[in-house]
Amino acid sequence: MAADIQTSLRSPAAYDLARKAMDAMEAHRVWPTVRNYTLWVHYVSEAGGPLAQEIDRMIAAGEPITETVGETLAAQYLPEGQLNGGVLEAGDVLSAELNSVTRAIESVQRSTEQYGQELASASVKLDADDASKLKEVVQGLSAATTKAQTENKSLENQLAETTAELGRLRENLDQVRRDAMTDGLTGLTNRKAFDENLDALCAMAEADGKPVTLAIIDIDHFKGFNDAWGHQIGDQVLRYVSSVIGRMGSPPRVAARYGGEEFAIIFPNEGGRTAMAVLEELRTEVSSRSLKRRSTNEDLGAITVSAGYAERLSGETVASLVERADAALYASKHAGRNRTTAAPAAAAVTNAA
């Protein structure tokens with residue numbers, strides 16, 4: 001839950017996380033390097049997660065967590081490590097392919113130069129008007145032509161192979177980018193991609209005068225539900241709610257996991273009235289289903305969500321739009337939850353987005 005951690009690290013909870021991580025590192029004699037600190041923040045934040053399970057296993061087995069081990073764990077379990085590894089691997093393949101093509105082109109260039117030299121030599125021999133040399137000239141030209149044809153065929157094959165490999169590489173890089181912009185648990189757009197989309201769509205709205213509306217949605221009483229049933233059931237709830245949000249926020253809308261149990265939908269070219277209708281449909285659908293524990297079929301009860309939305313005002317900053325949508329969400333929660341609230345228009349907006 002990288003998004004949850006990033007949210008916590010931007011709140012007062014960051015101090016508690018830092019103390020827990022430092023205490024854990026000291027207890028297990030792990031040096032507080034930047035990488036190790038990041039690892040152990042994830043460890044204390046995601047008890048029961050894949051990284052925590054692996055570290056717990058190593059501790060139980062008495063295996064030392066050295067710098068090399070920390071590097072391996074970071075590459076395997078931290079999103080940043082996985083992303084960097086994917087980019088580096090793709091870069092290495094691209095470099096190798098380009099080097100291969102360069103060598104092939106240089107080889108053909110050398111063959112072409114040799115062919116040109118052979119033609120020049122043939123011209124000199126023919127100018128000498130020595131008939132006895134004619135057979136030698138023809139044989140030389142034939143050999144040079146055959147060599148050039150062979151080199152060109154080799155280059156064609158090399159270029160065909162490289163084109164195919166570059167196509168595969170492009171797909172890999174596209175997948176790396178999608179992974180970097182996707183929340184791992186829910187499959188929705190992550191916070192980084194959400195921020196980029198909101199900035200771009202607000203700039204477009206300012207330029208063309210069309211509306212854009214932002215909605216923020218929060219799962220009601222999620223912390224209590226998570227504490228009562230455990231993180232695995234909590235993840236099940238997050239995935240369920242996100243599946244509904246993903247359908248309601250399908251492109252050209254942008255549906256994102258905003259952080260923790262909060263989600264967001266951007267409505268480009270759509271005003272508040274449309275957003276209200278969609279959010280009410282979303283809220284009704286989420287609450288209409290009674291969830292059950294998969295392993296035991298135990299009834300977990302119904303889930304509800306609260307939502308708030310704001311239609312962007314002319315000249316309004318992105319920060320102001322987010323603030324108004326967030327205030328509308330909290331108005332829903334303070335009014336009893338399981339409802340949708342529209343943000344009132346600000347009296348005046350001065351800064352351009």
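Just so you know, all these numbers are worked out from the coordinates, no wet-lab data involved. Bear in mind that the values here come from a model prediction, so they are computed numbers and not experimental data. As a convention, Cβ positions derive from the backbone with ideal geometry for all residues, glycine included, and neighbour counts pool all protein chains shown.
Couplings 3J(HN,Hα) for segment 298-312, derived from phi with the Karplus relation 6.51 cos²θ - 1.76 cosθ + 1.60 (θ = phi - 60°), are 5, 6, 9, x, 9, 10, 10, 10, 10, 9, x, 9, 9, 8, 5 Hz, where x marks Gly and Pro. Derived scalar couplings between HN and Hα for segment 217-233 equal 10, 10, 6, 5, 6, 5, 4, x, 5, 5, 5, 6, 10, x, 5, 5, 5 Hz in order, rounded to whole Hz, by the Karplus curve 6.51 cos²θ - 1.76 cosθ + 1.60 (θ = phi - 60°), x for Gly and Pro. A cut-off of 5 Å between modelled amide H atoms, ignoring neighbours fewer than 5 places along the same chain, links THR182 with ASN190.
Close amide H partners of TYR258, meaning residues 5 or more places away or on another chain with modelled amide H under 5 Å apart, are PHE263, ALA264. Taking 0.36 nm per residue of sequence separation and removing the Cα-Cα distance, the SER154/TYR37 pair yields an extension gain of 36.9 nm. Between MET22 and ASP299, full extension at 0.36 nm per residue minus the direct alpha carbon distance yields a gain of 95.8 nm. Once backbone amide H atoms are built at 1.01 Å from N, THR304 has ASP220 as its partners under 5 Å, excluding neighbours fewer than 5 places away on the same chain.
For SER287 and ASP235, a Förster radius of 25 Å and the Cβ-Cβ distance give a FRET efficiency of 0.80, rounded to the nearest 0.05.
Remark: segment 191-278 is approximated by an ellipsoid whose semi-axes, taken from the C-alpha gyration tensor as √(5λ), come to 29, 12, 10 Å, largest first.
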